[in-house]
Each structure stands twice: as C-alpha cells, then as structure tokens.
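Worksheet for the structure shown next.
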Protein chains: 2
Amino acid sequence: MRVEIWSDIACPWCYVGKARFEKGLEAFAHRDDVEVVHRSFELDPHRAKSDTGPVLEMLAKKYGRTLDEARAMEQHVATNAHAEGLGYRTEGRDHGNTFDIHRLLHLAKARGRQSELLDLAYRANFAEERSVFDAETLAALGVEAGLDEAEVRAVLADESAYAEAVREDEREAAELGANSVPFFVLDRRYGVSGGQPAEVFTQALEQAWQGRVLQPVGAEADAEACGPDGCEVPRA
Amino acid sequence: MRVEIWSDIACPWCYVGKARFEKGLEAFAHRDDVEVVHRSFELDPHRAKSDTGPVLEMLAKKYGRTLDEARAMEQHVATNAHAEGLGYRTEGRDHGNTFDIHRLLHLAKARGRQSELLDLAYRANFAEERSVFDAETLAALGVEAGLDEAEVRAVLADESAYAEAVREDEREAAELGANSVPFFVLDRRYGVSGGQPAEVFTQALEQAWQGRVLQPVGAEADAEACGPDGCEVPRA
C-alpha cells in the first residue's frame with residue numbers, strides 16, 4: 001500500500017500530523033507493507049525568496065492580532081507538538097518561501113533519502129530554529145541526510161532543478177481537491193485531511209487495506225502473457 | 001496518476017507489452033501526469049543461478065515440442081515485436097534466473113535510473129543477445145544506465161542487497177491477484193493483464209483518470225490544517 005502525504009515544511013500541523021500518522025501507522029498490522037511518499041505543497045508560493053521574517057510578526061499581521069495573541073496561537077501548536085514528543089520553539093522561528101527545500105526533497109527522493117531529509121528539515125525549522133530559508137543550512141541538512149554535497153549545492157544553485165517536480169505535486173494536490181495540508185492519500189483511493197488523531201489514520205489504513213480490489217480493464221482471455229508455467233503458445 | 005508494471009526481463013510479452021503500453025500512453029491526453037514504476041516478477045524464481053541455456057531448447061522441453069516448433073513460437077513473438085518497432089532475435093538467446101537483474105533494477109529505482117536500466121535490459125536480452133544472466137554484462141548495463149559502477153558491483157556481489165524489495169514486489173503481485181505478466185496496475189484501482197493492444201491501455205488510462213475521486217476518511221471539520229490563508233486559529 002502507498003500513502004502520499006502532501007505537506008509544507010512551514011506548516012506546523014504537517015509537522016504534528018506526520019507524528020500522529022506515524023503513530024497510527026505503528027498500530028496498523030500491515031505497517032511493513034506501507035510505502036510513504038512526501039509530496040510538495042507550498043503554503044506561500046508567491047512570497048519572494050528574500051522575504052523572510054519572524055513567524056510571530058507574520059501571524060499577528062496575517063490575522064490582525066497582537067503579538068501576544070500570536071504567541072498564544074503558537075503555544076497551542078506547541079502543546080500539541082509536545083504531546084507527540086516533538087520539540088517546538090514558539091519564539092525565534094522564521095517564515096519564508098519553501099520552494100528550495102521542496103526541490104531538495106525531490107533530489108532526496110531520487111536518491112532514496114527523502115524520509116531522512118524531511119525529518120531533518122522539520123526538526124530544523126520547528127525544534128532547532130535553524131533557518132530552512134538559508135542556502136547554507138539547506139546544504140548542511142542535505143549532507144546530514146546522506147546526499148552528496150556537490151549535488152545538493154548544484155540543485156540549490158539551479159532554480160530550475162526539480163522545479164517541475166514541485167509544480168507537478170502541487171497540480172496533483174489541486175486535482176485531488178486538496179487545498180490545505182497535511183493531506184494524506186492512501187492508494188489514490190482514500191483521503192485524510194489535516195493532522196487527525198492517530199486512530200483516524202489507523203482506521204483509514206485498515207479501510208484502504210480492505211478495499212484493495214482491482215477492477216479489470218481489457219479482455220483478459222485474449223491477453224498475451226507469461227506465467228510460471230510458460231507463455232501462451234500459439235496453436236500448433 | 002501512477003502505473004505500476006509487474007514484469008520479468010525474461011518475459012517476451014512484457015517486452016512487447018511495454019511498447020504497446022507506451023503507445024497507448026502516448027495517445028492519452030494526460031500522459032505527462034503519469035508516473036510509471038517497474039515492479040519485479042520472476043517467471044522462474046526456483047531456477048539455479050548457474051542454470052542458464054538456450055531459450056529454444058528450454059521451450060521445446062517445457063512444451064514437449066520439437067526445436068522447429070519452438071522456433072515457430074519464437075517467430076510468433078518476433079512478428080509482434082517487430083510490429084512495435086522492436087528488435088527480436090529468435091536464435092541464440094539464453095534463459096535463466098532473473099533475480100540479480102531485478103535487484104539491480106531496484107538499485108536503479110533508488111537512484112532515479114530505473115526506466116533507463118529497464119530499457120537497456122530488455123534490449124540486451126531480446127534484441128542484442130547480451131546475456132542478462134552474466135554479472136559482467138549486468139555491471140555494464142548498470143553503468144550504461146548511469147549508475148555508479150562500484151555501487152552496481154557491490155549490489156551484484158551481495159545477494160541480500162535489494163532482495164527484500166524484489167520479494168516484496170512479488171508478494172504484492174500475489175495479493176493483487178496477478179499470476180502472469182505483464183500486469184499493469186493503475187492507481188491501485190484498475191488492472192490490465194497481458195500485452196494488450198495499445199488502445200486498451202489508452203482506454204484504461206482514461207477510465208482511471210475519470211475515476212480519480214478520493215473517499216474522505218475522518219472528520220474533515222475538526223482537522224488541524226494549514227492552507228494558503230493560514231492555519232486554523234484557536235478561538236480568541
């Protein structure tokens with residue numbers, strides 16, 4: 001079975017939701033038969049790359065709240081993160097454009113290191129306050145994830161590298177009707193929206209597992225195929 | 001959309017079926033949104049690695065036919081291959097155990113080179129009569145596909161490398177009810193068995209595209225999520 005998770009590194013509920021999904025997966029009997037894939041979704045794709053700044057000020061401005069109110073919003077997420085055993089610092093984090101980290105996550109996917117880089121990126125952004133909007137930090141995270149440094153730097157330096165892969169993920173999200181993240185898609189058949197409780201994920205996994213029945217297309221009888229007993233033989 | 005193709009390098013209808021699928025894909029309007037993944041299926045998993053020999057003799061023995069009858073069977077496939085613009089030599093090919101080439105295809109998948117290696121392996125086996133049962137040829141094919149030679153040789157030398165990935169593909173095939181190849185699975189929802197005509201694949205792709213509706217699981221209203229307009233805000 002295959003679970004695709006659309007998310008953004010700048011999305012706190014994606015960070016929390018990933019931990020809840022993993023807890024839900026842990027309780028699923030066929031967990032070893034589940035492949036998990038990260039898909040790109042930018043919350044703020046139109047923000048200029050140079051336009052980074054403190055999360056609290058961004059929140060206050062976005063919602064028309066005071067800094068104290070913004071701090072309370074962050075505290076609410078922090079409480080949920082801590083409940084999942086995740087670090088979460090409510091002060092000193094930056095907000096910005098996540099296109100480059102998504103491009104790098106696609107390089108990591110091609111090299112079999114996506115899961116490693118994803119965990120490092122979330123931790124850097126939410127728990128360690130290393131800026132994922134800074135090329136040097138991204139390069140360091142790539143190397144920590146097991147990628148080749150020269151290749152990481154080449155991708156970061158070339159804005160077109162894996163750009164289409166990011167856009168393609170975002171197009172697919174739109175086609176599937178996802179307009180917020182995290183968004184979980186199981187075998188392209190079931191969708192779970194948001195950082196739901198772990199039990200919801202276990203239930204969704206069980207439902208998708210039960211529903212794994214293929215609908216045949218084409219005339220099976222006429223097919224030209226090979227099996228353990230040989231290929232179909234033309235009439236002698 | 002995602003198409004998984006279970007096949008074996010030793011399977012002539014997989015070779016022909018892949019070309020027919022690609023022709024069917026070419027006629028599909030959303031072809032650029034289709035990801036194609038190779039899945040392992042061994043026709044002869046219990047054959048000893050050292051047990052290789054001419055295909056014609058294997059066919060004659062397997063079906064209790066004369067060598068001339070076996071030659072006619074191969075000629076039948078060759079006619080179909082040529083109709084797809086594929087080379088196919090009916091004499092001089094060997095048959096054997098394909099476990100190593102499947103393991104190598106999984107390394108290639110991890111390195112983003114699976115499609116390249118798959119095409120090279122089919123061509124080597126069916127059109128060029130390079131033996132894919134020979135470690136030196138496999139190493140050369142891996143390098144031609146863009147893989148790192150040292151890594152290719154390490155995988156070939158270590159029988160456990162990617163062995164579980166091959167077995168897992170084969171377990172999944174059994175779970176999906178596939179007992180012959182090629183077997184095409186579209187978004188884990190539709191199955192096409194055998195090297196069907198290109199139009200069948202186009203039709204299956206169109207059917208799967210229409211059917212891309214996700215069934216929601218979990219209480220969407222309560223979900224904690226972030227969208228372009230921000231994350232859900234706790235009531236002030």
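What does the helix-only formula give at 222 nm for chain A: each DSSP H stretch with n ≥ 4 adding -39500 (n - 2.57), the total divided by the residues, and the result rounded to the nearest 500 deg cm²/dmol? Write out the running numbers ahead of the final one.
Working: 9 runs with 107 residues, N = 236.
Here the helix-only value at 222 nm equals -14000 deg cm²/dmol.
Using a label point 7 angstrom from Cα along Cα-to-C-beta, what distances in nm, from shortest up, separate A:Y63 from the other copies?
7.1
With a 1.4 Å probe and all protein chains left in place, how much accessible area per residue does the range A:2-231 have, in Å²?
On the way: 9520 Å² over 230 residues.
For the range A:2-231, the solvent-accessible area averages 41 Å² per residue.
Taking the label point as lying 7 angstrom from Cα along the Cα-to-Cβ axis, what are the distances from A:E206 to the corresponding position in the remaining copies, in ascending order and in nanometres?
4.0
Using the reciprocal of the averaged 1/r over all distinct C-alpha pairs, how large is the Kirkwood radius of the range A:72-225 in Å?
Working: mean 1/r = 0.0548 Å⁻¹.
After inverting the pairwise mean of 1/r, the radius is 18.2 Å.
Just the number, please: percent antiparallel of the DSSP beta bridges in chain A, rounded to the nearest 5.
On the way: 12 of 18 bridges.
Just about 65 percent of them are antiparallel.
Whenever you get a sec, compute what percent of the accessible area on the protein assembly as shown sits on carbon and sulfur atoms (1.4 Å probe).
Values: 9850 of 20060 Å².
Taking all protein chains in place, the protein assembly as shown shows 49 percent carbon and sulfur surface.
Would you mind checking which residues have amide H under 5 Å from B:Y190's amide H? H placed 1.01 Å from N; only 5 or more apart, or other chain.
When sequence neighbours closer than 5 places are left aside, the close amide H contacts are A:Q215.
Can you list the GluC sites (Glu not before Pro) in the range A:138-219 that are in a DSSP coil and have 15 or fewer other beta carbons within 10 angstrom? Don't skip to the end; give the middle numbers.
Details: sites: A:E144, A:E149, A:E151, A:E159, A:E164, A:E168, A:E170, A:E172, A:E175, A:E199, A:E206; in loops: A:E159.
Filter output for the range A:138-219: A:E159.
For chain B, what's the relative contact order in percent, using C-alpha pairs closer than 8 Å and at least 6 residues apart? Each step should come with its number before you reach the end.
Details: 330 pairs, mean separation 67.9, N = 236.
It comes to 29 percent, rounded to a whole number.
Does the range B:1-143 classify as rounded, prolate or oblate by the C-alpha gyration tensor (a ≥ b ≥ c root eigenvalues; a/c under 1.5 gives rounded; else a/b over b/c gives prolate, otherwise oblate)? Display every interim value, and only then the final one.
Details: a/c = 2.08, a/b = 1.32, b/c = 1.58.
The shape class here is oblate.
Taking a point 7 Å out from Cα toward Cβ as the label site, list the nm distances between B:D148 and the same residue in every other copy, smallest first.
Here the equivalent label points are 0.7 nm apart from this one.
Ballpark to the nearest 100 Å², how much total accessible area do A and B bury together, probe 1.4 Å? Could the numbers behind the result be given before it?
Numbers: alone 12770 and 12790 Å², together 20060 Å².
What A and B bury together is about 5500 Å².
Per residue of B:178-189, what is the mean number of Cβ atoms on other protein chains within 10 angstrom of that residue's Cβ? Before the final figure, lay out the partial values.
Details: counts 3, 4, 11, 4, 4, 3, 3, 1, 4, 4, 11, 9.
Mean shielding by partner chains, rounded to a whole number: 5.
Is the shape of the range B:72-149 rounded, prolate or oblate, going by the alpha carbon gyration tensor and its root eigenvalues a ≥ b ≥ c, with a/c under 1.5 for rounded and a/b larger than b/c for prolate? Show your work: numbers first, answer last.
Working: a/c = 2.49, a/b = 1.79, b/c = 1.39.
Prolate.
For the protein assembly as shown, just say rounded, prolate or oblate: build the C-alpha gyration tensor, square-root its eigenvalues into a ≥ b ≥ c, call rounded for a/c under 1.5, and beyond that prolate if a/b exceeds b/c, oblate if not. Each step should come with its number before you reach the end.
On the way: a/c = 2.55, a/b = 2.02, b/c = 1.27.
It comes out prolate by the Cα gyration axes.
The values are calculated or read from the model by the stated rules, or taken from the named source; none is laboratory data. The model shown is predicted, which means the values in this text are computed figures rather than measured ones. Positions of Cβ are backbone-derived with ideal geometry, glycine not excepted, and every protein chain shown enters the neighbour counts. With ligands, DNA and RNA removed, areas are computed over all heavy atoms of the protein, side chains included. Shrake-Rupley method; radii C 1.70, N 1.55, O 1.52, S 1.80 Å.
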